[in-house]
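Q: Got a structure for you, questions after.
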Amino acid sequence: MTQVIEIHPDNSLGCQEPKLIQERGQREVFCGLTGIIWLHRKIQDAFFLVVGSRTCAHLIQSAAGVMIFAEPRFGTAIIDERDLAGLADCNEELDKIVGELLERRPDIKLLFLVGSCPSEVIKLDLSRAALRLSHQFSPNVRVLNYSGSGIETTFTQGEDACLASMVPTLAKHTTAQKQLLIVGTLADVVEDQFRALFSKMGLEHIEFFPPRKSTQLPQVGPNTLFLLAQPFLADTAKALEDLGAQHLPAPFPLGAMGTRAWLAQAAKAFGVPNDVFEAAIEAPQKRAIQALSKHRAELKDKKIFFFPDSQLEIPLARFLHHELGMQLSEVGTPYLHRRHLQLELDQLPPNTRIVEGQDVDEQLDRCRASNPDLVVCGLGLANPLEAEGYTTKWAIELVFTPIQGFEQAGDLAGLFSRPLIRRLKLVA
Ligand code: SF4
């Protein structure tokens with residue numbers, strides 16, 4: 001059975017910090033449009049209108065895998081050759097498309113105009129378009145904009161940009177009542193579990209951002225304390241802090257240890273007595289530890305190599321090393337927000353090679369040289385690496401799947417043990 005180790009600043013490895021290398025070169029990542037796939041499922045009265053090319057439309061359509069008879073809550077306004085050549089007035093055409101869409105879909109209460117590489121290249125000002133359209137369709141529909149462009153971004157930044165665009169619209173929390181805000185998209189089932197755990201601890205004023213409906217946006221002010229549920233929300237956290245909200249530094253709720261430490265930070269900030277906290281988490285923590293023990297036999301001492309992709313890599317590496325006994329060959333991350341990840345970095349073994357950024361050819365060479373048992377990477381690298389005999393896990397699956405919290409700890413471990421078991425069966 002896995003033993004629970006407390007994640008606490010006192011457990012840090014001090015001067016034996018993991019080794020951080022920065023790399024710049026060719027990158028292999030999805031763009032921020034990908035975030036629409038989980039965001040449109042979460043905010044049920046929102047619509048995401050990508051202003052982009054047929055490539056953008058194809059990416060979203062195929063990645064989201066929506067059945068053609070369903071009414072999706074995303075679409076693409078295609079920028080075609082006439083727009084690119086400056087022969088058409090893009091703003092006029094965009095207004096027409098939005099007007100038709102909102103007339104046909106009165107259920108839409110929040111419309112995001114999502115910028116792309118093509119809209120950035122032709123310098124289409126979507127912030128002005130959003131203001132104009134918001135004015136036109138208010139109060140029934142609010143129109144916001146953000147960029148999902150793949151120029152110098154990675155795919156989870158789409159969620160950060162989306163949430164950050166909503167922050168200025170949040171009402172001010174003016175009362176003296178302290179409230180806890182959980183920031184980052186969580187599957188509804190995970191959100192319900194956390195709400196129940198906080199309730200058992202006696203915490204009543206809990207809000208989630210983003211909420212399930214755009215009409216349930218939280219209020220934010222100096223008495224708002226927020227916990228990040230995802231490690232890729234730097235801009236959103238900064239925007240919330242600008243409104244006076246206070247960030248509670250915590251590890252991320254992955255695995256039994258991470259979830260315990262994440263919940264403990266909230267309990268501490270709200271003065272929950274230790275016995276109440278322990279009683280609230282006792283049963284689910286035990287279930288998580290039991291669920292993990294089944295996967296530990298498969299994963300212990302196996303070497304894992306992370307290519308930079310989801311920005312979840314560092315918390316995942318901590319989870320896989322401490323709770324499942326895996327060895328970390330290399331932990332790549334597209335960006336490293338040191339302040340948000342310090343408690344995670346402190347838990348990595350000394351001399352772990354952490355690489356921020358990417359030079360894909362160099363990284364492939366290092367991957368082959370370290371000969372890992374499992375490689376976590378994007379779709380573009382997975383197939384060639386599988387063909388070379390490596391076992392891979394798609395990083396994007398880790399963002400689509402509910403993995404946070406005690407009840408999901410076993411499922412999270414299963415995402416890593418399953419590919420190894422499959423490979424064993426194939427070679428047997
Ligand atoms: S936003 Fe850019 S990277 Fe993303 S699908 Fe469109 S063209 Fe490709």
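The values are calculated or read from the model by the stated rules, or taken from the named source; none is laboratory data. Nothing here was measured: the structure is a model prediction, and the numbers come from that model. Virtual Cβ from ideal backbone geometry, glycine too; neighbours counted across all protein chains shown.
Q: Quick one: which of Arg212, Arg195, Arg142 is at pLDDT 95 or above, assigned by TED's automatic domain parsing to the domain that holds Ser127 and surrounded by fewer than 23 Cβ atoms within 10 Å (Cβ to Cβ)?
A: Going through Arg212, Arg195, Arg142 in turn, the sole match is Arg142.
Q: Checking Ala161 against (1) within 26 Å of the chain's Cα centre (by Cα); (2) away from the ligand (no atom under 16 Å from the Cβ); (3) hydrophobic (A, V, I, L, M, F, W, C), which single condition isn't satisfied?
A: Ala161 satisfies every listed condition except (2).
Q: For segment 44-54, enumerate the residues that are surrounded by fewer than 16 Cβ atoms within 10 Å (Cβ to Cβ) and within 13 Å of the ligand (Cβ to nearest atom).
A: Arg54
Q: So, one more: Being crowded, with 21+ Cβ neighbours inside 10 Å and either at pLDDT below 95 or closer than 17 Å to Asn223 by Cβ (or both) is the filter here, so list the residues in segment 255-284 that pass it.
A: Ala266
Q: Please pick out the residue among Leu49, Leu59 that is closer than 24 Å to Leu312 by Cβ, modelled with pLDDT of 85 or more and outside any loop (DSSP other than H, G, I, E, B).
A: Leu59
Q: Another question, then. From Phe112, Phe155, Phe137, which residue is touching a residue at least 40 places away in the same chain (Cβ under 8 Å), more than 13 Å from the ligand (Cβ to nearest atom) and either touching a helix residue (DSSP H, G or I) at 6+ places or on another chain (Cβ under 8 Å) or under 20 Å from Arg54 (Cα atoms) (or both)?
A: Exactly one of Phe112, Phe155, Phe137 is touching a residue at least 40 places away in the same chain (Cβ under 8 Å), more than 13 Å from the ligand (Cβ to nearest atom) and either touching a helix residue (DSSP H, G or I) at 6+ places or on another chain (Cβ under 8 Å) or under 20 Å from Arg54 (Cα atoms) (or both), namely Phe112.
Q: Quick one: would you say Asp301 is charged (D, E, K, R) and in a loop (DSSP other than H, G, I, E, B)?
A: yes
Q: Next question. Assuming Glu71 fulfils every condition listed in (1) at pLDDT 80 or above; (2) more than 14 Å from the ligand (Cβ to nearest atom) apart from one, which condition is it?
A: (1)
Q: Let me ask something else. Here are Thr153, Thr224, Thr169: which of them is of a type in the set (Val, Ile, Thr) and over 30 Å from Pro118 (Cβ atoms)?
A: None of the others qualify; the one that does is Thr224.
Q: Criterion first (closer than 22 Å to Asp45 by Cα and within 15 Å of the ligand (Cβ to nearest atom)) does Leu126 satisfy it?
A: yes
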